[in-house]
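Enquirer: Got a structure for you, written out below as structure tokens; questions coming shortly.
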Amino acid sequence: MANKKSKVDFWGGGGRMEVMKNNCSYINSSKSKFMQTKDFQKKCVEIVKKIDDKYEIKRNPHLSFMQMMEEIGELAKDINYPKLRNKKINKDNLEGEFADVILQLAILAGLFDIDFEEVVESKCKILKNRHNL
């Protein structure tokens, strides 16, 4: 059976995460550089750790979850602009909000020692079986 790609676009930072049968990668389109999902998740954790250290923030799951919800709210606001403010979506801002949500999700997953690659691959298999794909 051929590897089928199921693309999920995360536009923040010009990147896209692709989930394939046995491989998950983060592709940085602006540099045409592949990054394994584990490396992508590690990079997210490292940058936030540096920020936390700089401001002496003690990271915990509650704080990370609340920050992720805040970012999801900002994403929702941007998506709702056409309906609520009769304004066009600002794609640059929307990209940043998607990136913020993914970043916060990576941090939260790391706090629970959850590996994106493993859990996404597992979930894809479950969905494939569930929907006879």
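What follows is calculated from the coordinates using simple rules that are stated; it is not laboratory data. Computed from a predicted model, the values in this text were never measured in an experiment. Cβ: placed from backbone, ideal geometry, glycine included. Neighbour counts: every protein chain shown.
Enquirer: Using the count of nearby Cβ atoms within 10 Å as a rough guide to exposure, how do S64, S122 rank from fewest to most?
Expert: S122, S64
Enquirer: Given the pairs K43/K125; K88/K128; K42/K123; K49/K91, which span a C-alpha to C-alpha distance of over 30 angstrom in this model?
Expert: Check vs 30 Å cut-off fails for K88/K128.
Enquirer: Now for a different question. How far, in nm, would the chain grow between F65 and K91 when pulled straight, counting 0.36 nm per residue and subtracting the alpha carbon separation?
Expert: 6.9 nm
Enquirer: Restrict the search to the stretch 84-115; then list the trypsin sites (Lys or Arg not before Pro) that DSSP places in a loop and that have at most 12 other Cβ atoms within 10 Å of their Cβ.
Expert: Those that pass, being in a loop and sparsely packed, are R85, K87, K88.
Enquirer: Can you tell me the alpha carbon radius of gyration of the stretch 56-133 divided by the globular rule-of-thumb value 2.2 N^0.38 Å?
Expert: Dividing the Cα radius of gyration by 2.2 N^0.38 Å gives 1.41.
Enquirer: Let me ask something additional. How about the stretch 60-133: which chymotrypsin sites (Phe, Trp or Tyr not before Pro) there lie in a loop by DSSP and see at most 14 other Cβ atoms within 10 Å?
Expert: Sparse-neighbourhood loop chymotrypsin sites (Phe, Trp or Tyr not before Pro): F112.
Enquirer: Related question: For the pair L133 and A76, what calculated FRET efficiency results from E = 1/(1 + (r/R0)^6), where r is the Cβ-Cβ distance and R0 = 30 Å, to the nearest 0.05? Kindly include the intermediate steps, with their values, before the conclusion.
Expert: Working: r = 30 Å, r/R0 = 0.99.
It comes to 0.50.
Enquirer: Stretched out fully, how many nm does the piece from I126 to F112 gain, at 0.36 nm a residue minus the Cα gap?
Expert: Gain on extension, I126 to F112, equals 2.9 nm.
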